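The structure appears right after this line, and notes come after that.
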């Protein structure tokens, strides 16, 4: 497992707190931190379906479903587009009767995705809208470890094949898991239950550039046969820092000055109040010495 990637992501989360504390910094707003959890369904050699069938509308999803969870960090650069960083960990499993085999795997994933607010792009910005439909496309890395068994070995005590147990880089070190690139695409809907809280439902496809995720190599070496992966359907909760997540600060306040309590309008009121107090002080001095 590449712990440097986790450390980099942690540093990014910590720096977010500092950015959010700077009231007049436009990059300190429109961040959101959340958690998500749900079910996965594998598609590849050792399974009975494919990516399309690995959805909650198919029986194959429930036959091979496993648990996954993670954390996500969002940053919006306006009412239309943003970036999402995600770290997640979970399990995969699959069976295929004709091969008389089944497998299980543990997978860790980290990715960065571009996000589009489809509601604002298609229907226009609506401050009263309490939900958002979004789409994301991203790339990342996955680290996995897999075990393959015969169908009659239901206890999983006697693996007939493994993957992700490479030799340690140093003597006495841990085994090296399989590391591969991964492409993710997702479609979801987000519901706002408060000015800073949202709940989202999301379905995603995670395609991994490997034919060994199930510890089984298919004979046909075409490009599509090398792609394995999983679908992930999840429920998430997010907290939005310093702003309402339905629209971006840059759109909400046209002034370059931005306070979380009223933006340019509040700043102009302060200027008028200071000018009024100066005038009153001058009047007071004039009448005092007359």
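Computed quantities for the displayed model
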{"quantity": "Of the criteria (1) closer than 22 Å to residue 233 by Cβ; (2) buried (at least 20 other Cβ atoms within 10 Å of the Cβ); (3) under 23 Å from the mean Cα position of the chain (by Cα), which one residue 133 fails", "calculated": "(2)"}
{"quantity": "The range 87-113, residues that are farther than 15 Å from residue 146 by Cα and touching a helix residue (DSSP H, G or I) at 6+ places or on another chain (Cβ under 9 Å)", "calculated": "87, 110"}
{"quantity": "Conditions (1) closer than 23 Å to residue 162 by Cβ; (2) more than 23 Å from the chain's Cα centre (by Cα): number failed by residue 90", "calculated": "(2)"}
{"quantity": "Listing of strands (runs of 3 or more DSSP E) fully contained in the range 120-238 that carry 3 or more residues being in contact (Cβ under 8 Å) with a residue 24 or more places away in the chain, assigned by TED's automatic domain parsing to the domain that holds residue 66 and within 22 Å of residue 56 (Cβ to Cβ)", "calculated": "131-150, 178-192, 197-209"}
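For every residue, the table says whether it meets (1) touching a strand residue (DSSP E or B) at 6+ places or on another chain (Cβ under 6 Å); (2) under 23 Å from residue 143 (Cβ atoms); (3) surrounded by 14 or more Cβ atoms within 10 Å (Cβ to Cβ).
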{"site": "163", "(1), (2), (3)": "yes, yes, yes"}
{"site": "168", "(1), (2), (3)": "no, yes, no"}
{"site": "177", "(1), (2), (3)": "yes, yes, yes"}
{"site": "181", "(1), (2), (3)": "yes, yes, no"}
{"site": "189", "(1), (2), (3)": "yes, no, yes"}
{"site": "195", "(1), (2), (3)": "no, no, no"}
{"site": "201", "(1), (2), (3)": "yes, no, yes"}
{"site": "209", "(1), (2), (3)": "yes, yes, yes"}
{"site": "214", "(1), (2), (3)": "yes, yes, yes"}
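The values are calculated or read from the model by the stated rules, or taken from the named source; none is laboratory data. Note that this is a predicted model, so its numbers are computed, not measured. Virtual Cβ from ideal backbone geometry, glycine too; neighbours counted across all protein chains shown.
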